Structures are given as C-alpha cells and as structure tokens.
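The values are calculated or read from the model by the stated rules, or taken from the named source; none is laboratory data. Predicted model only: the values in this text are computed from it and were never measured. Cβ sites come from the backbone with ideal geometry, for glycine too, and all protein chains shown count toward neighbours.
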Amino acid sequence: MELGAEIAAYRTGTGDPGRLVGEFRRAVLLVPLAGDSTDADGGLMSAFSGGIRWFYAFTDEEAMARFAAARGEADRDRPYMAILGARLVDAVVPEVEGPAGVAVNVADPDGSMLFPPVAGIVPDGCAVDIGAESAAGVG
C-alpha cells in the first residue's frame, strides 16, 4: 500500500502504526526547498511549532500544489527535492539543532500526517521520548 493509502487507513482507525511508519520510510517524498526559485541554497522548507522543527513533505506534486495554494503561492515556482522518508529522518533530522519531525501533506485536511521526533520514527539520539542516557546506551 502506498503512503497516502496508509495515512487514510490510519486516520480511519483501520491502519497499523508499524505499516504506516514502514511505508513512510519507503516513500519517495517531495520536499520544497527554502528560498525562492533562483536561490535553493536555503535548505529544506520547514516551520517551527510547539518546540519542534517540522519539515514539509508531500506524497505527490498535487499535494504540494495544494500547500502552495493554501499559502497564497499557487503561481510561485518553488524548487523541491525528492527524498526517501528514511533518508529524511535518518540523515536530515540529526543535523537539525533541537527536535525535528516531518509533516506530510499538511494542506490536506483528511490526508495529512505528522511523524514526530519519537523513537521508532527518528534515530534514538534525536527522539524526545528517550532520555540522553538511554540513547547513549547508558542506564
């Protein structure tokens, strides 16, 4: 099952959390780049909310277009990169100062999903629900 279908199943109460995270890790996500179309050196587009840096990610160009329209940027050409969900949480999240997670399809009221910085989603050293001693193997 693809990520959008797993999100839908989970939101209706019929999904499995393990399958959802597995599909998220296997999915190729589209992540808008910060800055404008002539300057993509700003990194990945994200927002800060509730003490967490949330990277925006989308399952397809249509979901990303709905996000742009919701922001009043439908006519703006925003560059993006395609990245595996696993690479986003395993390689990008650890580079962020402070907790970070991924917000998928945030402009879709019935198809959005947050993947927070917790064990099982992000590396243990980045998970907010694991103490520093446990993540380091101490204790």
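List of remarks:
- The single residue among S112, S49 that is among the polar types (S, T, N, Q) and farther than 21 Å from D16 by Cα turns out to be S49.
- So R19, is it farther than 12 Å from A103 by Cα, buried (at least 17 other Cβ atoms within 10 Å of the Cβ) and basic (K, R): no
- The listed residue being in contact with a helix residue (DSSP H, G or I) (Cβ under 7 Å, 6 or more places away or on another chain) and not polar (S, T, N, Q), out of G15, G22, G35, G50: G15
- Qualifying residue in segment 59-70 (condition: under 30 Å from I130 (Cβ atoms) and either touching a Gly at 6+ places or on another chain (Cβ under 7 Å) or modelled with pLDDT of 95 or more (or both)): yes
- Test: residue in segment 43-50 that is among the hydroxyl-bearing types (S, T, Y), touching a strand residue (DSSP E or B) at 6+ places or on another chain (Cβ under 6 Å), surrounded by 17 or more Cβ atoms within 10 Å (Cβ to Cβ) and under 22 Å from D124 (Cβ atoms): yes
- Counting residues in segment 63-86 that are in contact (Cβ under 8 Å) with a residue 60 or more places away in the chain, part of a helix (DSSP H, G or I), within 23 Å of V122 (Cα to Cα) and not aromatic (F, W, Y) gives one or more.
- Residues in segment 71-102 that are more than 16 Å from W54 (Cβ to Cβ), modelled with pLDDT under 95 and charged (D, E, K, R): E73, D75, R76, D77, R78.
- With respect to (1) part of a loop (DSSP other than H, G, I, E, B); (2) under 21 Å from P123 (Cβ atoms); (3) touching a Ser or Thr at 6+ places or on another chain (Cβ under 8 Å), the lone exception for G98 is condition (3).
- Within segment 44-59, the set of residues being without any contact (Cβ under 8 Å) to a residue 40 or more places away in the chain and not in a strand (DSSP E or B) comprises M45, G50.
- Residue within segment 56-76 that is under 14 Å from F115 (Cα atoms) and of a type in the set (A, V, I, L, M) present: yes
- Residues that are of a type in the set (A, V, I, L, M) and part of a helix (DSSP H, G or I), drawn from segment 1-38: L3, A5, I7, A8, A9, L20, V21
- Count of segment 87-107 residues, restricted to those that are free of Cβ contacts under 8 Å to residues at least 40 places away in the same chain and either touching an Asp or Glu at 6+ places or on another chain (Cβ under 6 Å) or within 13 Å of R26 (Cβ to Cβ) (or both), is 2.
- Residue match in segment 103-124 (condition: of a type outside the set (A, V, I, L, M, F, W, C), assigned to a strand (DSSP E or B), over 23 Å from R11 (Cβ atoms) and under 16 Å from the mean Cα position of the chain (by Cα)): no
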